[in-house]
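A.B. asks: Pasting a structure below so you can have a look.
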Amino acid sequence: MSDQYLTLNRTNDKMPIVGFGCWKVEENTEEIVYTAIKNGYRLIDGAAVYDNEVGVGRGINRAIKEGIVRREDLFVVSKLWNNYHNKAHVRPAIEKTLEDMNLDYIDLYIVHFPVPLQYVDPAVQYPGPWKINGEVALEKSPMHELWPEMEKLVDAGLTRNIGISNFNCQLIMDLLTYAKYKPATLQIELHPYLQQEALVKWAQEQGIQVTAYSSFGPNSYFVFSEDVKSVPTLFDHDVIKSIAAKHNKTPAQVLLRWSIERKVAVLPKSMNEERIKSNFDVFSFKLDEKDLQAIKKLDQNLRFNSLFTYGINIPLFD
Ligand code: NAD
């Protein structure tokens, strides 16, 4: 059982190592989230910018109402969107998320990107945009002012833990110099094409648990770029396929297992119940040293969720 959770710093909360990802769960959100919970998922990874928190909350509350889980059995995650980094906007942002999800608190609130964008009133546009009049408009909201506001959300009981996403080592190192509550987790793009071994190891050494997003690699990004379409999917990669065949598992299960063996949490997203089920069935086998060595060779430092993907000219990860 202990291999199914990661323990978070400060609270000692047990974060499930396999969660359900809600990005692009745009149709039947309530039903899909409910289905994930019914099939064993206890971590639900959402975000304001996924623009589906009402449906996510309905799925969660339905599962609670039907007695499938209690609220305290779930680990609900949301993320602060870029337009709300200013001191004045952080608490209203989580309050909007809680209201949308009809929850009293969440388990983890994450700074989605270290990119402070100009505030846009949610009454005008929600979630806020990357661009205003075709331009990326940054706002002077530094992380050393934002982070204490995140800490206040913990003190106010609105979230149990706070975390970060898409941060690099330099920014985390700086954050650790002033954080009263260090980040519980770091959520980053991680798959065999982008293994980031040094960052994962260093973050874990700081007591920050790492969560992988887009564990299946390029698939979520085909719609954004012609270049990505030319990258072979990991599901069809010979190395992944042969490891899957050897263990009588699917390529998806191998990709997820690869992360959890590094003590890195995963957030597979699917709209299909069979896949939702099989993506959770990753605790009954183990990769061997030969498998791990073969996967290690697939690393190309190939990132799909760079800001360039969205036409934003900021080399965030350089
Ligand atoms: P993913 O990598 O989990 O899945 C990609 C696609 O693979 C899915 O759309 C689905 O169609 C397909 N798929 C799923 N299971 C499959 C299976 N068993 N066989 C074949 N195909 C399958 O998707 P993702 O949404 O990119 O990432 C997962 C989650 O991570 C997101 O939903 C979100 O919660 C989180 N995320 C966070 C950030 C961030 O900036 N923090 C960015 C991207 C994603």
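The values are calculated or read from the model by the stated rules, or taken from the named source; none is laboratory data. A quick note: this is a predicted structure, and the numbers were derived from the prediction, not measured. Cβ sites come from the backbone with ideal geometry, for glycine too, and all protein chains shown count toward neighbours. Side chains included, ligands, DNA and RNA excluded: accessible areas come from the protein's heavy atoms. Shrake-Rupley method; radii C 1.70, N 1.55, O 1.52, S 1.80 Å.
A.B. asks: If you scan segment 217-230, which residues turn out to be within 13 Å of the ligand (Cβ to nearest atom) and either open to solvent by less than 30 Å² (accessible area, probe 1.4 Å) or of a type in the set (Gly, Ala, Ser) (or both)? If you could, list the steps in order and put the result at the bottom.
C.D. replies: First, pick out the residues of segment 217-230 that are within 13 Å of the ligand (Cβ to nearest atom): 217-224, 228.
Matches in segment 217-230: Gly217, Pro218, Ser220, Tyr221, Val228.
A.B. asks: Here is a follow-up. What strands (runs of 3 or more DSSP E) completely inside segment 1-118 contain at least 3 residues that are open to solvent by less than 10 Å² (accessible area, probe 1.4 Å) and under 19 Å from Trp147 (Cβ atoms)? Steps first, please.
C.D. replies: Working: elements: 5-7, 14-16, 19-21, 43-45, 75-80, 106-111.
Ranges flagged: 75-80, 106-111.
A.B. asks: Oh, and also: Could you check His112 against (1) without any contact (Cβ under 8 Å) to a residue 12 or more places away in the chain; (2) in contact with a strand residue (DSSP E or B) (Cβ under 9 Å, 6 or more places away or on another chain) and say which number it fails?
C.D. replies: Unmet for His112, out of (1) without any contact (Cβ under 8 Å) to a residue 12 or more places away in the chain; (2) in contact with a strand residue (DSSP E or B) (Cβ under 9 Å, 6 or more places away or on another chain): (1).
Yes/no per residue for (1) in contact (Cβ under 8 Å) with a residue 60 or more places away in the chain; (2) on the phi > 0 side of the Ramachandran plot:
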residue	(1), (2)
Asn161	yes, no
Cys169	no, no
Lys180	no, no
Gln187	yes, no
Trp202	no, no
Ser214	yes, yes
Tyr221	yes, no
Pro232	no, no
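A.B. asks: Just to check your reading of the model, which residue among Lys277, Lys269 is within 17 Å of the chain's Cα centre (by Cα), open to solvent by 50 Å² or more (accessible area, probe 1.4 Å) and not hydrophobic (A, V, I, L, M, F, W, C)?
C.D. replies: Details: Lys277 fails: within 17 Å of the chain's Cα centre (by Cα).
Just one listed residue meets the conditions, Lys269.
A.B. asks: Taking only segment 15-38 into account, find how many residues are touching a residue at least 40 places away in the same chain (Cβ under 8 Å) and closer than 26 Å to Ala184 by Cα. Steps first, please.
C.D. replies: Our first condition is that a residue be touching a residue at least 40 places away in the same chain (Cβ under 8 Å); within segment 15-38, this holds for 15-25, 27-28, 32, 35-36.
Restricting the remaining residues to those that are closer than 26 Å to Ala184 by Cα gives 15-25, 36.
Looking only at that region, the number is 12.
A.B. asks: Scanning segment 253-265 for residues that are more than 8 Å from the ligand (Cβ to nearest atom) and closer than 15 Å to Ile240 by Cβ, which turns out surrounded by the fewest Cβ atoms within 10 Å (Cβ to Cβ)? Steps first, please.
C.D. replies: Going through segment 253-265, the residues more than 8 Å from the ligand (Cβ to nearest atom) turn out to be 254-265.
Then keep just the ones that are closer than 15 Å to Ile240 by Cβ; that gives 254-259, 261.
Numbers: Val254: 27, Leu255: 26, Leu256: 25, Arg257: 22, Trp258: 27, Ser259: 25, Glu261: 14.
Step by step, filter segment 253-265, then rank; the result is Glu261.
A.B. asks: Let me ask something else. Does segment 204-214 include one or more residues that are acidic (Asp, Glu) and modelled with pLDDT of 95 or more?
C.D. replies: yes
A.B. asks: Next question, about the same structure. Take segment 89-108 and flag every residue that is among the acidic types (Asp, Glu) and farther than 15 Å from Pro127 by Cα. Give the derivation first.
C.D. replies: As a first pass, look at segment 89-108 and keep what is among the acidic types (Asp, Glu): 95, 99-100, 104, 107.
Scanning segment 89-108 gives Asp104, Asp107.
A.B. asks: Which of (1) open to solvent by less than 10 Å² (accessible area, probe 1.4 Å); (2) within 21 Å of Ser284 (Cα to Cα); (3) not hydroxyl-bearing (Ser, Thr, Tyr) does Leu194 not meet, given it meets every other one?
C.D. replies: (2)
A.B. asks: Do we find that Leu199 is open to solvent by less than 60 Å² (accessible area, probe 1.4 Å), away from the ligand (no atom under 14 Å from the Cβ) and not in a strand (DSSP E or B) in this structure?
C.D. replies: Values: open to solvent by less than 60 Å² (accessible area, probe 1.4 Å): yes; away from the ligand (no atom under 14 Å from the Cβ): yes; not in a strand (DSSP E or B): yes.
Taking the combined requirement at face value, the residue satisfies it.
A.B. asks: Now for a different question. Only one residue in Leu138, Leu146, Leu171 is aliphatic (A, V, I, L, M), open to solvent by less than 20 Å² (accessible area, probe 1.4 Å), within 12 Å of Val115 (Cβ to Cβ) and out of contact with any Cys (no Cβ under 8 Å at 6 or more places or on another chain), so which one is that?
C.D. replies: So the residue among Leu138, Leu146, Leu171 that is aliphatic (A, V, I, L, M), open to solvent by less than 20 Å² (accessible area, probe 1.4 Å), within 12 Å of Val115 (Cβ to Cβ) and out of contact with any Cys (no Cβ under 8 Å at 6 or more places or on another chain) is Leu146.
A.B. asks: Name the residues in segment 300-314 that are open to solvent by 70 Å² or more (accessible area, probe 1.4 Å) and either under 14 Å from Ser259 (Cα atoms) or touching a helix residue (DSSP H, G or I) at 6+ places or on another chain (Cβ under 8 Å) (or both), would you?
C.D. replies: Of the residues in segment 300-314, the ones open to solvent by 70 Å² or more (accessible area, probe 1.4 Å) are 300-301, 308, 313.
Once the filter is applied, which keeps residues that are open to solvent by 70 Å² or more (accessible area, probe 1.4 Å) and either under 14 Å from Ser259 (Cα atoms) or touching a helix residue (DSSP H, G or I) at 6+ places or on another chain (Cβ under 8 Å) (or both), segment 300-314 yields only Asn313.
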